[in-house]
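Enquirer: Below you'll find the structure I mean.
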Amino acid sequence: MKLPFRPNTPVRLVSGYGTRTDPVTGAVGANHTGYDLVSDGDRRVCAVVGGTVVQSRMITDKANRTWEWGNYITVQGDDGHYHYYCHLAERAVEAGTKIKAGDVIGVEGSTGKSTGPHLHYEVRLADGRTPISPETVLGVPNEAGNKIYIIKPEETKPETPDYDNTPHEWAKDAVKWATENGIMQGDANGNLRLSANITREESVVMMYRLHELIERGENR
């Protein structure tokens, strides 16, 4: 599941994709081409997928139907779809900006044709005209109601540094000394790292020895 909001933000789907009664005009059978989402707390809107911002604007001319979206952003996604983020109170990115999934791009609002703060999120095919249900991207069922959706932050493991196992000739005996004295450790691939229980004094001694070897190597 994905949501266009920050992790740990409770979100409700208040109006789904398909026909509905228009909340402003009362017209029955109006076609709703996206999801209306309401956040509880953090109102920052985030990109669902990475891509390029192709529109970041607000249309006020009512001859142009997109005025209904108020402040809106269009992202040409790396997934081949166009993603629309509408009714924003603020826009945080400009057209031409490259963004990553999770980047903050705006703030949920009530600009344009709107009855209250929410985010209208819409997905269109590569032709930029054909809308599809956001369920295919978000994984949130097309069922409006009071159900709360929350994205938990992904648990990430710290990356293991790629240690250099091919030191310069002048540093090899320092590396040898450090490993023999337990200051550095190596694995089966020859990657080196400082021992977990190294003292500050030992690290200073090693740095001093390396300093001496560098000077000796440069003066050869």
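Enquirer: Against the definition (surrounded by 15 or more Cβ atoms within 10 Å (Cβ to Cβ), in contact with a His (Cβ under 9 Å, 6 or more places away or on another chain) and modelled with pLDDT of 95 or more), how does LEU119 come out, yes or no?
Expert: In short, yes.
Enquirer: Please go through the range 132-151 and pick out each residue that is in a loop (DSSP other than H, G, I, E, B), aliphatic (A, V, I, L, M) and within 22 Å of PRO7 (Cβ to Cβ).
Expert: VAL140, ILE150, ILE151, listed by residue number.
Enquirer: Take the range 168-200 and flag every residue that is of a type in the set (D, E, K, R) and either surrounded by 12 or more Cβ atoms within 10 Å (Cβ to Cβ) or modelled with pLDDT of 75 or more (or both).
Expert: LYS172, ASP173, LYS176, GLU180, ARG193
Enquirer: Moving to a separate point now. Is it fair to say ASP40 is of a type outside the set (Ser, Thr, Tyr) and under 20 Å from the mean Cα position of the chain (by Cα)?
Expert: yes
Enquirer: Condition first: over 22 Å from TYR149 (Cβ atoms), charged (D, E, K, R), surrounded by fewer than 16 Cβ atoms within 10 Å (Cβ to Cβ) and touching a Phe, Trp or Tyr at 6+ places or on another chain (Cβ under 9 Å). Can you find one or more residues in the range 42-57 that meet it?
Expert: So far as the range 42-57 goes, yes, one or more of its residues are over 22 Å from TYR149 (Cβ atoms), charged (D, E, K, R), surrounded by fewer than 16 Cβ atoms within 10 Å (Cβ to Cβ) and touching a Phe, Trp or Tyr at 6+ places or on another chain (Cβ under 9 Å).
Enquirer: In this structure, does PRO134 turn out to be of a type outside the set (Val, Ile, Thr), at pLDDT 95 or above and farther than 23 Å from GLN76 by Cα?
Expert: When the stated conditions are applied, PRO134 does not pass them.
Enquirer: Within the range 99-112, can one find any residue that is at pLDDT below 95 and in contact with a His (Cβ under 8 Å, 6 or more places away or on another chain)?
Expert: Taking every residue of the range 99-112 in turn, at least one turns out to be at pLDDT below 95 and in contact with a His (Cβ under 8 Å, 6 or more places away or on another chain).
Enquirer: Could you list all residues from the range 72-87 that are part of a loop (DSSP other than H, G, I, E, B) and either open to solvent by less than 10 Å² (accessible area, probe 1.4 Å) or out of contact with any strand residue (DSSP E or B) (no Cβ under 6 Å at 6 or more places or on another chain) (or both)?
Expert: Within the range 72-87, ASP79, GLY80 meet the criteria.
Enquirer: Name the one entry in GLU108, GLU90, GLU94 that is touching a strand residue (DSSP E or B) at 6+ places or on another chain (Cβ under 7 Å), of a type in the set (Asp, Glu) and open to solvent by less than 40 Å² (accessible area, probe 1.4 Å).
Expert: None of the others qualify; the one that does is GLU108.
Enquirer: Do any strands (runs of 3 or more DSSP E) lying entirely in the range 1-71 carry at least 2 residues that are touching a helix residue (DSSP H, G or I) at 6+ places or on another chain (Cβ under 8 Å), and which ones are they?
Expert: Counting at least 2 such residues, we get no strands (runs of 3 or more DSSP E) at all.
The values are calculated or read from the model by the stated rules, or taken from the named source; none is laboratory data. Fair warning: this is a prediction, and the values are worked out from it, not measured in the lab. No Cβ is skipped: glycine too gets one built from the backbone with ideal geometry, and neighbour counts run over all protein chains shown. To get the accessible areas, we keep the full protein, side chains included, count just its heavy atoms, and leave off ligands, DNA and RNA. Shrake-Rupley method; radii C 1.70, N 1.55, O 1.52, S 1.80 Å.
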